[in-house]
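A.B. asks: Questions regarding the structure given below will be posed in turn.
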Protein chains: 2
Amino acid sequence: MQRFKLTIEYDGRPFVGWQRQENGPSVQQALERAVFAVTQAESVVYGSGRTDAGVHAEGQVAHVDIAKPLSAVRLRDALNARLRPAPISVIACEPAAPDFHARFDCTGRRYRYDIINRRAPLTWQSGLAWHVLRPLDADAMHAAAQILVGQHDFTTFRSVHCQSASPVKTLDRLDVTRAGDRIAIHAAARSFLHHQVRSMVGCLKLVGDGSWSAHDLRSALAAADRTALGLNAPPDGLFFVSAHYR
Amino acid sequence: MQRFKLTIEYDGRPFVGWQRQENGPSVQQALERAVFAVTQAESVVYGSGRTDAGVHAEGQVAHVDIAKPLSAVRLRDALNARLRPAPISVIACEPAAPDFHARFDCTGRRYRYDIINRRAPLTWQSGLAWHVLRPLDADAMHAAAQILVGQHDFTTFRSVHCQSASPVKTLDRLDVTRAGDRIAIHAAARSFLHHQVRSMVGCLKLVGDGSWSAHDLRSALAAADRTALGLNAPPDGLFFVSAHYR
């Protein structure tokens, strides 16, 4: 039995999310079916983190155990052949230590949230970015975002379905940058609560369009109460960028 | 009658190209239908340049004459409402002088060609980039590209359907840059021959994968003969970025 570390890109639009569910196709299920097609053995594919319906990944990381003797390159190409036409691609595959765990060993996760800020409708970015019509002040959003950096009780930004043991997390980075009509929000932490990135982005959008001041954001954080949340951003603009391991 | 300058973004995948044709839906036709729906008058929408089937635009420019009294902002929003669900978006609309001509007054055109260079299949970029599996040397491509910059007879890089009066064009810029597995090729000129960007990119790909030397590219250009063309790149990765006016 050989354990492999997989780096996976996917378009979240057709999926109910990463995790195997009864109510529709998931990324995990598609990967497990591809592994079965290649190896004729049932295997669980463990991800570094779950993503919700409609959320994308540039670099989700997972691990899987394979009994069939296959090189990493052959496994990658065989999985990709079996995954088609699903928009899931194994962009890297490497042998891992037998005790490597994609979720429990992960020491850093990065997400990017893309907003397109203009009146005109989206074309090819539809479903791949949040379309915000009201003008956003990205500098004000970036300044306010720094309130959230550091160790805080993020209960306000936590889904009721969150399974994390504690609402206290350390946010290492939350940067907002604009290039033309595109605003990118980069978030990095060891781990995030369920819906945390989308909830933080939703509130930063309120700061950006002038509905909220930076003080309102500070109060929402301090409230440590989900009902203080201003807005949850849609999944469309969220990308799981990378998972890091020591 | 008021003339308007439109800046248009589109996803080229569902279209036979910019120009109105018998054999399928075109971007021009979709725009002219939207204008008719808004004004109840037949109008021609003149583009700064044609794009082929499957080629995209971030900033195609066109002009159209409108008799109905409408502000530029109202016209933009009305056209966008009528264009849905086609992936065409009028991102800017402004009043233009009565003699402004999107094609004849254009003094500069910019294109970008996106390549994704990796073994793994594409996901959301499918149809929006050329997927090249063999490793490409972007530095070698950039160096060879400089052979094409300047004034040359570009007959080698010209489609048999090209309607340009002369094959002599001045290429102002042809830059190749890599970021991760993404290679972007930026091209700028006053005007291009039909298929010129795709033909230049196709030959640069041969240089990048080692099939051609820079000398082979120089010989192909000097041949001034379409049969000397190494490869025409697919439309997928080509974006009309902008049109410029004095």
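The values are calculated or read from the model by the stated rules, or taken from the named source; none is laboratory data. Every value quoted in this text rests on a predicted model; they were computed, and no experiment measured them. Note: ideal-geometry Cβ built from the backbone for every residue, glycine included; neighbour counts use all protein chains shown.
A.B. asks: Looking at B:Val160, is it touching a Phe, Trp or Tyr at 6+ places or on another chain (Cβ under 8 Å), over 18 Å from B:Tyr113 (Cα atoms) and surrounded by fewer than 14 Cβ atoms within 10 Å (Cβ to Cβ)?
C.D. replies: When the stated conditions are applied, B:Val160 does not pass them.
A.B. asks: Mind listing whichever residues of segment B:19-40 are in contact with a Lys or Arg (Cβ under 7 Å, 6 or more places away or on another chain) and more than 14 Å from every other protein chain (Cβ to nearest Cβ)?
C.D. replies: Result: B:Gln19, B:Ser26, B:Gln28, B:Gln29, B:Ala37, B:Val38, B:Thr39.
A.B. asks: So A:Thr39 passes all but one of these: (1) touching a Pro at 6+ places or on another chain (Cβ under 9 Å); (2) among the hydroxyl-bearing types (Ser, Thr, Tyr); (3) over 30 Å from A:Arg173 (Cβ atoms). Which condition number does it fail?
C.D. replies: (1)
A.B. asks: Under 6 Å by Cβ, and 6 or more places apart or on different chains, what pairs join a residue from segment A:71-99 that is in contact (Cβ under 8 Å) with a residue 12 or more places away in the chain with one that is part of a strand (DSSP E or B) and of a type in the set (Asp, Glu)?
C.D. replies: From segment A:71-99, the pairs are A:Ala72/A:Glu94; A:Ser89/A:Glu9; A:Ile91/A:Glu9.
A.B. asks: Say we look at segment B:203-246 and pick out the residues that are within 30 Å of B:His101 (Cβ to Cβ) and of a type in the set (Phe, Trp, Tyr); which of these is nearest to the chain's Cα centre (by Cα)?
C.D. replies: Once the filter is applied, the top-ranked residue is B:Phe240.
A.B. asks: Take B:Arg110 and tell me if it is more than 25 Å from B:Ala223 (Cβ to Cβ) and in contact (Cβ under 8 Å) with a residue 12 or more places away in the chain.
C.D. replies: yes
A.B. asks: Just checking, does segment A:163-179 include any residue being within 30 Å of B:Pro14 (Cα to Cα) and either within 14 Å of chain B (Cβ to nearest Cβ) or crowded, with 18+ Cβ neighbours inside 10 Å (or both)?
C.D. replies: yes
A.B. asks: Would you mind finding the one in A:Asp153, A:Asp114 that is at pLDDT 95 or above and within 30 Å of B:Arg76 (Cα to Cα)?
C.D. replies: A:Asp114
A.B. asks: Within segment A:233-240, is there a residue that is farther than 20 Å from A:Cys106 by Cα, in a strand (DSSP E or B) and modelled with pLDDT of 95 or more?
C.D. replies: The answer is no; no qualifying residue exists.
A.B. asks: B:Asp236 versus (1) among the acidic types (Asp, Glu); (2) touching a residue at least 24 places away in the same chain (Cβ under 8 Å); (3) surrounded by fewer than 19 Cβ atoms within 10 Å (Cβ to Cβ): which is the lone unmet condition?
C.D. replies: Of everything listed in (1) among the acidic types (Asp, Glu); (2) touching a residue at least 24 places away in the same chain (Cβ under 8 Å); (3) surrounded by fewer than 19 Cβ atoms within 10 Å (Cβ to Cβ), B:Asp236 misses just condition (3).
A.B. asks: Could I ask something else about it? Please verify whether segment B:209-224 includes one or more residues that are buried (at least 18 other Cβ atoms within 10 Å of the Cβ), over 16 Å from B:His131 (Cβ atoms) and modelled with pLDDT under 95.
C.D. replies: Looking through segment B:209-224, none of the residues is buried (at least 18 other Cβ atoms within 10 Å of the Cβ), over 16 Å from B:His131 (Cβ atoms) and modelled with pLDDT under 95.
A.B. asks: Could you list all residues from segment A:184-225 that are hydroxyl-bearing (Ser, Thr, Tyr) and either farther than 14 Å from A:Leu174 by Cβ or not assigned by TED's automatic domain parsing to the domain that holds A:Arg158 (or both)?
C.D. replies: Within segment A:184-225, A:Ser191, A:Ser211, A:Ser213, A:Ser219 qualify.
A.B. asks: Taking segment A:55-103 as the search range and keeping residues that are within 21 Å of the chain's Cα centre (by Cα), away from chain B (no Cβ under 11 Å) and outside any loop (DSSP other than H, G, I, E, B), which one is nearest to B:Leu122 (Cα to Cα)?
C.D. replies: A:Gln60
A.B. asks: Next up: Which of the residues that make up segment A:108-132 are touching a His at 6+ places or on another chain (Cβ under 6 Å) and either of a type in the set (Val, Ile, Thr) or outside any loop (DSSP other than H, G, I, E, B) (or both)?
C.D. replies: Residues satisfying the conditions are A:Gly108, A:Arg112, A:Ile116.
A.B. asks: State which residue is farthest from the chain's Cα centre (by Cα) when the search covers only segment A:1-25 and only residues that are surrounded by fewer than 21 Cβ atoms within 10 Å (Cβ to Cβ) and of a type in the set (Gly, Ala, Ser).
C.D. replies: Residue satisfying both the conditions and the ranking: A:Gly24.
A.B. asks: Can you find even one residue in segment B:145-160 that is basic (Lys, Arg) and free of Cβ contacts under 8 Å to residues at least 60 places away in the same chain?
C.D. replies: no
A.B. asks: Can you tell me which of (1) touching a residue at least 40 places away in the same chain (Cβ under 8 Å); (2) more than 14 Å from chain B (Cβ to nearest Cβ); (3) surrounded by fewer than 18 Cβ atoms within 10 Å (Cβ to Cβ); (4) part of a loop (DSSP other than H, G, I, E, B) is the one A:Pro135 doesn't meet?
C.D. replies: Of (1) touching a residue at least 40 places away in the same chain (Cβ under 8 Å); (2) more than 14 Å from chain B (Cβ to nearest Cβ); (3) surrounded by fewer than 18 Cβ atoms within 10 Å (Cβ to Cβ); (4) part of a loop (DSSP other than H, G, I, E, B), only one is false for A:Pro135: (2).
A.B. asks: Continuing with the same structure: Please enumerate the residues belonging to segment B:1-48 that are aliphatic (A, V, I, L, M) and part of a strand (DSSP E or B).
C.D. replies: Answer for segment B:1-48, where residues must be aliphatic (A, V, I, L, M) and part of a strand (DSSP E or B): B:Leu6, B:Ile8.
A.B. asks: Quick one: would you say B:Ser48 is free of Cβ contacts under 8 Å to residues at least 24 places away in the same chain and either within 14 Å of chain A (Cβ to nearest Cβ) or buried (at least 18 other Cβ atoms within 10 Å of the Cβ) (or both)?
C.D. replies: no
A.B. asks: Give me the residue from segment A:104-129 that is β-branched (Val, Ile, Thr) and away from chain B (no Cβ under 14 Å) and, out of that set, surrounded by the fewest Cβ atoms within 10 Å (Cβ to Cβ).
C.D. replies: A:Thr107
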